Amino acid sequence: MGDTDHIPTYTGKQFDFECPDADTICIEDIAHHLSLTHRWRGATGEGMSVAQHSVMVAQMMGRAGYSPLDQLGGLMHDAAEAYLGDVPSPLKAKLPDFKAYELVVQNAICDKFGIPRTPHPSVHLFDVESYRWEARDLLHPEHGMEAPTASCRSTLVCWPPGAAEFEFLNLFGYLMEAVRHVATVVG
């Protein structure tokens, strides 16, 4: 296997996207990479990161009363993008090989952190809600995106990469601890 089969990470690991090794997956890499990955391919006036988007999805789920494990699934729903990049959905639909790699990487990340491989169905609903909120506040009005629900009344403010990374790591730590606590109480 040559060097082209591996992707270097922020923490100096060599990640194999064809056969991910749990030892090369770390939350610091995921948070850092996602904090520097722009949503909307940079089509917004301000750069919003995938890390901020992920935090928003998990926070919306928390406000709606979903469990810490479900919220963790919301936080990590785009985690594979830390290693593979953010490919626009219309293009991704035309790239079945990419979608297969994305699934392999996402499953490896879920397994590493004890997150169900199949996220709670609400993750998709809140992902779409966040998408609409972002479109309303960050895209040019002529894009004509459907407005979010009343739960997204405030105007989005894009976080700088360092803040997005910090918030992502902070929420990840909080949710992991909450999941451990629930498992201890129930178990």
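The values are calculated or read from the model by the stated rules, or taken from the named source; none is laboratory data. Here the structure is a predicted model, which means the values were calculated and not measured. Note that each Cβ is placed from the backbone with ideal geometry, even for glycine, and that neighbours are counted across all protein chains shown.
Some points to look at:
Conditions (1) among the hydroxyl-bearing types (Ser, Thr, Tyr); (2) modelled with pLDDT of 95 or more; (3) surrounded by 13 or more Cβ atoms within 10 Å (Cβ to Cβ), marked per residue:
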site	(1), (2), (3)
ASP111	no, yes, yes
PRO116	no, yes, no
HIS124	no, yes, yes
VAL128	no, no, yes
TYR131	yes, no, yes
PRO141	no, no, no
SER154	yes, no, no
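- Some residue of region 46-62 being over 24 Å from PRO116 (Cβ atoms), at pLDDT below 95 and surrounded by fewer than 21 Cβ atoms within 10 Å (Cβ to Cβ): yes
- When GLY12 is tested against (1) over 18 Å from the mean Cα position of the chain (by Cα); (2) farther than 20 Å from LEU169 by Cα, only condition (2) is not met.
- Total residues in region 161-187, condition over 15 Å from PRO68 (Cβ atoms) and surrounded by 13 or more Cβ atoms within 10 Å (Cβ to Cβ): 8
- Listed conditions (1) over 21 Å from ARG117 (Cα atoms); (2) within 18 Å of the chain's Cα centre (by Cα); (3) of a type in the set (A, V, I, L, M) are all met by ALA43, apart from (2).
- Counted as qualifying within region 36-93 are the helices (runs of 4 or more DSSP H) with 1 or more residues that are in contact (Cβ under 8 Å) with a residue 24 or more places away in the chain and of a type outside the set (Phe, Trp, Tyr), namely 50-63, 68-75, 81-84.
- The single condition among (1) over 18 Å from TYR131 (Cβ atoms); (2) among the charged types (D, E, K, R); (3) surrounded by 15 or more Cβ atoms within 10 Å (Cβ to Cβ) that LYS99 does not satisfy is (3).
- Extreme residue, farthest from ASP78 (Cα to Cα), among residues of region 1-35 that are in a loop (DSSP other than H, G, I, E, B) and β-branched (Val, Ile, Thr): THR11
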